[in-house]
Amino acid sequence: MRAATGVVPKAGWTHRRTFGPVARGPIVARSWVLESSDPLGFFRFRRKGADGEVALVLPRFMSLTAQPQARELEASVSAPRAGSGMELFGVREYRAGDPLRRIHWRSSARLGELVVREYEPPGQETVGIFCDPSPPTREAADQVARLAASEAWDCIRGGGRVVLWAPGMEPSLPSEARNLWALLEWLARYPNPPPPALWATSPRSGEDIEPLVSDVVGVAAGSSPRLIDALETVKQRGGRVRAWVVGDAEVDLEVPLQRVGMAWPL
């Protein structure tokens with residue numbers, strides 16, 4: 001894209017350009033250059049700008065159910081802080097004062113630092129949406145993101161909480177469990193993880209440790225062993241598991257499956 005003007009007036013100069021359509025994911029400005037010169041053209045100044053993200057295109061979503069599933073609490077009810085309930089929600093870094101009985105020793109050994117179990121607020125259901133870590137095509141990845149966003153929307157509007165995860169990616173934060181915009185941003189970057197600098201201050205559980213939830217929706221576009229193992233683990237713990245399968249991938253899972261193509265809306 002190029003834009004130019006003659007002598008810039010005192011009031012400044014603005015040029016607006018519309019472009020698109022755009023694909024899901026970050027929009028990055030690269031290799032942009034600002035040139036200026038004196039009025040007679042004797043001298044020219046050229047300055048290169050730093051690359052940077054200027055926008056983020058979120059995935060589309062829609063309701064996948066005619067009636068949202070009833071939850072024990074409505075969305076407007078103020079829930080207690082995570083950590084005070086009985087159902088496991090996930091793990092986080094150990095903090096001074098945490099009870100030793102909540103330390104998750106297996107995860108601590110894998111991460112090389114102490115992490116503790118975190119529990120759901122009582123009365124709220126948390127749904128884990130586990131995404132395929134390596135969709136075969138960009139179109140398949142977009143469909144996975146749309147399905148996951150739609151599942152998240154249905155859960156949140158029904159009063160529930162959501163955690164997003166894919167093997168090799170950091171899960172969404174517990175504090176984002178009812179923040180649809182934060183979840184859509186996570187899915188906008190899927191399947192590419194966010195920059196490591198964004199993880200440094202985030203109390204997350206680690207890339208390859210699935211969140212400890214008892215209600216999971218899998219969204220597969222291939223036969224990823226890591227995704228299948230995670231879903232089987234939840235099932236073996238007595239959790240409820242169902243899955244979407246994008247395309248014709250063979251998925252070896254004894255759970256309710258629903259197959260879809262690439263068309264949207266469904």
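Pick from segment 11-49 the residues that are charged (D, E, K, R), open to solvent by 70 Å² or more (accessible area, probe 1.4 Å) and in contact with an Asp or Glu (Cβ under 9 Å, 6 or more places away or on another chain): which of them is nearest to LEU184 (Cα to Cα)?
Initial filter on segment 11-49 (charged (D, E, K, R)): 16-17, 24, 30, 35, 38, 44, 46-48.
Among the residues that remain, those that are also open to solvent by 70 Å² or more (accessible area, probe 1.4 Å) are: 16-17, 30, 35, 44, 46-48.
Going one step further and asking which of them are in contact with an Asp or Glu (Cβ under 9 Å, 6 or more places away or on another chain), we end up with 30, 44, 46-47.
Values: ARG30: 24, ARG44: 44, ARG46: 38, ARG47: 35 Å.
For segment 11-49, the residue satisfying everything is ARG30.
Right, LEU73: modelled with pLDDT under 85, of a type in the set (A, V, I, L, M), under 28 Å from the mean Cα position of the chain (by Cα) and open to solvent by 60 Å² or more (accessible area, probe 1.4 Å) or not?
When the stated conditions are applied, LEU73 does not pass them.
Out of curiosity, is GLY97 over 21 Å from ALA230 (Cβ atoms), exposed (fewer than 15 other Cβ atoms within 10 Å of the Cβ), modelled with pLDDT under 85 and touching an Asp or Glu at 6+ places or on another chain (Cβ under 8 Å)?
Working: over 21 Å from ALA230 (Cβ atoms): yes; exposed (fewer than 15 other Cβ atoms within 10 Å of the Cβ): yes; modelled with pLDDT under 85: yes; touching an Asp or Glu at 6+ places or on another chain (Cβ under 8 Å): no.
Criteria not met by GLY97.
Counting only residues that are among the aromatic types (Phe, Trp, Tyr), at pLDDT 90 or above and farther than 26 Å from GLU232 by Cα, how many does segment 146-205 have?
Here the count works out to 1.
Looking at segment 148-167 only, could you name the residues that are within 19 Å of ALA243 (Cα to Cα), in contact with a helix residue (DSSP H, G or I) (Cβ under 9 Å, 6 or more places away or on another chain) and of a type outside the set (Phe, Trp, Tyr)?
ALA148, ALA149, ALA152, ILE156, GLY160, ARG161, VAL162, VAL163, LEU164, ALA166, PRO167
The values are calculated or read from the model by the stated rules, or taken from the named source; none is laboratory data. From a predicted model like this one, the values you see are computed outputs, not experimental measurements. Glycine also receives a Cβ, built like all others from the backbone with ideal geometry; neighbour counts cover every protein chain displayed. Heavy atoms of the whole protein, side chains included, go into the accessibility calculation; ligands, DNA and RNA do not. Shrake-Rupley method; radii C 1.70, N 1.55, O 1.52, S 1.80 Å.
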